[in-house]
Each structure stands twice: as C-alpha cells, then as structure tokens.
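Notes follow the structure.
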C-alpha cells in the first residue's frame, strides 16, 4: 500500500527528489559491499517511501523498534551472495515509483518481496518452514 500511495504522490512537494536521494544513498552503500551499511540504506529507502505515501499508520508502523531490530539482524545474512540481485530489484522498484505507474510499482515491489522471502528461507531452520499437504 505504501508503494502504491507513494507512487501517486511522487510528483508532489519534492518527493521525487527525496526518493532519488535515498536511492543514490543505497547505490553508494551497495558499492561499499558492507552489508550493515547496505541494509541500513534499504531501511531508509523504505522510510522515505512510507513518508511519501502520506499514510501515517504505515509510516508509524515501519518506524517501530521491531522493524529496526529485524533489519539489524539481517546484516551479516543479507544480501549474502545476492548483492547484484538486491540492487537490481530496488532499482526496478525505484524506477517504477518515479515513473508514476502505481500498478507497475506495486508489482515490482511485490515481486521483490517474494524474491526476498525466498532468500530469507535459506536462513530459517527447516522446522520453521511451512509444510505442504
């Protein structure tokens, strides 16, 4: 929802510039190959998307401590061997938001989340994974 709403508002009040700045910070962090710096930049990118969305509930929930803690826990595990895929996924999300095409942006983000969930499963014990009937 945050991505869809942010895309609708991307041309207002310097929103495009704000998101572009966050994405450039993410690219710089990606270039360092320091996972904690990169994961923090992703977290900040999400903050900007949620702020731009104008949905105060989404922005508030993402700022809650457990999201920050979860993101810190990802450092050392992510991006793992997936550095290039991560930046490509986020570039796709960023570009579709900037384009103003909310359906494409929502699709890009949804695809990224499905991919990221698959990566996270690599780090879960098999007993934590859902079983299929």
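Nothing in this text is a laboratory measurement; each read-out follows from the coordinates by a stated rule. As the structure is a prediction and not an experimental result, all values here were calculated from the model. No Cβ is skipped: glycine too gets one built from the backbone with ideal geometry, and neighbour counts run over all protein chains shown.
Below is a table of values for the structure above.
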| quantity | calculated |
| --- | --- |
| The lone exception for residue 26 - which of (1) closer than 12 Å to residue 97 by Cβ; (2) in contact (Cβ under 8 Å) with a residue 60 or more places away in the chain it fails | (1) |
| Residues satisfying the stated conditions in the stretch 1-26, i.e. over 21 Å from residue 40 (Cβ atoms) and touching a helix residue (DSSP H, G or I) at 6+ places or on another chain (Cβ under 7 Å) | 1, 4, 5, 7, 8, 9, 10, 15, 16 |
| Conditions (1) closer than 23 Å to residue 107 by Cβ; (2) crowded, with 17+ Cβ neighbours inside 10 Å; (3) free of Cβ contacts under 8 Å to residues at least 60 places away in the same chain: number failed by residue 19 | (3) |
